[in-house]
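Novice: Here's a structure for you.
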Amino acid sequence: MNHLKHRSIFTTILIVAVLVAAGGFWLRARTASTANAASANTIEATGVIESRNVALSSEIGGKVVEVLAEEGQQVKLGQPLVSLDDSLLQKQRAQAESAMQVAQANLRLAQAAFNQATAASRPEDIAAMQTRLGDSRAAYYAITVTLTDSQLEKLRSAVTTAESNLKEAQSRYNDLAADSHNPAFAVAAAKAAEDDAKLALASAQRASQLANDKSQPYYLQIESARLSWELAQGNLSQAKARRDGLDADADTTDAALKAARSTVTESQDMLDAAKAAYDALTSGVSADRLDAAWEEIKRAQTQLTGYGVRASGVLPVETLLAQIDVAQAQVKTAQAQLDTLDTQLSKLTLIAPSDGVVLTRSIEPGGMALPGATLIEIGRLDKLELTVYLPEEKFGLVAPGQTVRVSVDAYPGRVFDGTVLRMADKAEFTPTNVQTKEDRTRLVYAMVISLDNPDMALKPGMIADVNFTIGTAK
């Protein structure tokens with residue numbers, strides 16, 4: 001009897017064990033099925049977080065007075081980083097400010113003298129004289145002429161010279177930029193020469209186009225040719241300054257110095273061509289017509305003579321008006337000089353273009369900063385980028401603008417939001433920093449993800465895991 005009882009207990013235990021094992025197997029199968037379904041709707045990739053870097057350089061050279069940031073230091077938008085010596089420009093600005101005050105005082109005196117001289121004149125007489133003067137000026141501005149073939153050829157010759165100069169400047173810049181032996185400031189000088197050549201060509205082309213358009217007023221055709229000539233003068237001065245600066249620097253390569261000297265020669269050729277074009281336009285019968293119209297303007301001004309003479313020693317109205325014109329021109333010139341100096345002074349302080357961290361600084365107080373040479377490099381930390389690589393079968397499942405989930409080992413359990421910013425249009429071999437040889441031989445597509453980093457938790461160099469959601473698990 002006891003034997004049967006023990007056998008019944010054993011049978012019961014065996015049945016329970018079988019049921020427990022079956023239940024465990026079913027639970028594991030269900031869990032695996034759920035995990036596989038979730039995996040089928042996600043893609044995972046790994047990459048390294050990088051910052052967006054900005055290289056800061058000075059447009060104008062000078063002695064460095066202060067460097068206000070160290071490598072690794074966080075900086076804010078608008079924060080001063082490097083200050084160049086401004087003592088010379090400050091002296092020039094003080095002189096320009098004095099010239100402005102003198103010009104404004106002269107203008108006030110000229111206007112007061114005119115008001116006093118014309119105080120007793122009849123308003124209708126002054127109105128009639130002003131009308132005649134306005135009509136004379138309108139007639140002057142309306143003169144059109146048909147230029148000769150010889151005159152037009154001079155303008156075309158200036159365009160041809162400018163085109164040739166630009167082609168040579170572009171070739172020199174490309175050659176210098178392609179050779180890593182050339183310092184950055186030498187490449188920047190070649191780029192500046194190319195920009196000058198572009199401006200010279202545009203100015204010469206405009207002068208030629210206006211000259212060939214018979215509907216354009218003659219004075220405007222002459223003015224355009226004069227501006228082309230003056231631009232060529234400025235370009236030559238800039239070319240000589242760049243050549244002298246490169247010649248004085250021991251790091252300048254022979255190729256860079258040769259390029260700068262060639263630019264000076266070509267700038268002189270452009271100046272000669274632009275001057276010849278201007279001289280051609282301002283000579284001949286057409287120029288005589290313009291001179292005659294200008295004489296009519298002067299006669300209209302002369303008509304004002306005597307109307308303002310009310311006491312001994314008072315100048316004629318014509319002279320007083322001329323004095324006002326001169327004083328106004330002096331004020332404009334002084335203001336333009338002040339504006340130019342203020343602009344140059346603002347360029348002597350380099351400021352942070354955004355929040356970020358100083359990655360490198362290549363200048364110290366007392367050193368000389370060359371135009372175009374990188375002084376400080378800043379990495380933006382508020383906006384970071386993460387590059388990952390996906391094989392073709394997974395790459396096509398992701399779209400630009402898609403939101404992704406990013407995690408890093410430094411913050412377990414925290415998820416950062418990212419957005420697919422750019423997707424490559426060509427496949428490449430996996431970069432060499434991928435660990436296994438098998439992975440490095442695969443063709444993949446690069447994808448750049450933008451990461452917002454408002455609390456600066458993420459840092460460049462961190463390894464991050466990215467999770468792309470490509471569907472919803474069922």
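Novice: Arrange the peptides 343-354, 417-428, 216-227, 152-163 so that the one whose residues have, on average, the most other Cβ atoms within 10 Å appears first. Provide the component values of the computation, followed by the final result.
Specialist: Details: 343-354: 16.2, 417-428: 13.9, 216-227: 19.0, 152-163: 20.7.
The densest-packed peptide leads the list: 152-163, 216-227, 343-354, 417-428.
Novice: A follow-up question, please. Determine the gain in length on full extension of the stretch Gln101-Ala329; use 0.36 nm per residue of separation and subtract their C-alpha separation, reporting nm with one decimal. All intermediate terms of the calculation are to be shown ahead of the outcome.
Specialist: Numbers: separation 228, 0.36 × 228 = 82.08 nm, distance 1.35 nm.
Taking Gln101 through Ala329 to full extension adds about 80.7 nm, to one decimal.
Novice: Tell me, in nm to one decimal, what length is gained between Thr302 and Gln402 on full extension, where the rule is 0.36 nm per residue of separation less the Cα-Cα distance?
Specialist: Here the answer is 28.4 nm.
Novice: If you add up the charges near Arg52, with Lys and Arg at +1 and Asp and Glu at -1, over every other residue whose beta carbon is less than 13 angstrom from its beta carbon, what do you get?
Specialist: Numbers: positive: Arg380, Lys383, Arg422; negative: Glu50, Asp355, Glu377, Asp382, Glu385, Asp452.
Its environment carries a net charge of -3.
Novice: Given 0.36 nm per residue, what is the gain on full extension from Ala94 to Asp254 after removing their alpha carbon distance, in nm?
Specialist: Values: separation 160, 0.36 × 160 = 57.60 nm, distance 4.05 nm.
That pair, Ala94 and Asp254, stretches by 53.5 nm at full extension.
Novice: Let me ask something else about it. Within region 326-358, find all residues whose amide N lies under 20 Å from a label point positioned 7 Å from the Cα of Ala184 along Cα-to-beta-carbon.
Specialist: 347-358
Novice: Would you please give the FRET efficiency between Asp342 and Val54, computed as 1/(1 + (r/R0)^6) with r the Cβ-Cβ distance and R0 = 25 Å, to the nearest 0.05? Provide the component values of the computation, followed by the final result.
Specialist: On the way: r = 25 Å, r/R0 = 0.98.
My answer for the efficiency is 0.55.
Novice: Further question on the same structure: Taking the Cβ of each residue in Phe395, Phe429, Phe416 as the centre, tally the other Cβ atoms inside 10 Å and list the residues starting with the fewest.
Specialist: Working: Phe395 17, Phe429 13, Phe416 20.
Least crowded to most crowded, the residues run Phe429, Phe395, Phe416.
Novice: For a quick check: sort Val82, Val415 by the number of other beta carbons within 10 angstrom, fewest at the front. Mind dumping the intermediate values first?
Specialist: Details: Val82 23, Val415 12.
Fewest to most other Cβ atoms nearby, the residues stand as Val415, Val82.
Novice: Got a sec? How would Ser203, Ser450, Ser171 order by Cβ neighbour count within 10 Å, fewest to most? All intermediate terms of the calculation are to be shown ahead of the outcome.
Specialist: Working: Ser203 24, Ser450 16, Ser171 13.
Arranged by neighbour count, lowest to highest, Ser203, Ser450, Ser171 become Ser171, Ser450, Ser203.
We did not get these values from a lab; they are worked out from the coordinates using the rules stated. None of the values given here were measured: they were computed from a predicted structure. A quick note on method: Cβ atoms are made from the backbone with ideal geometry, for glycine too, and the neighbour counts reach across all protein chains shown.
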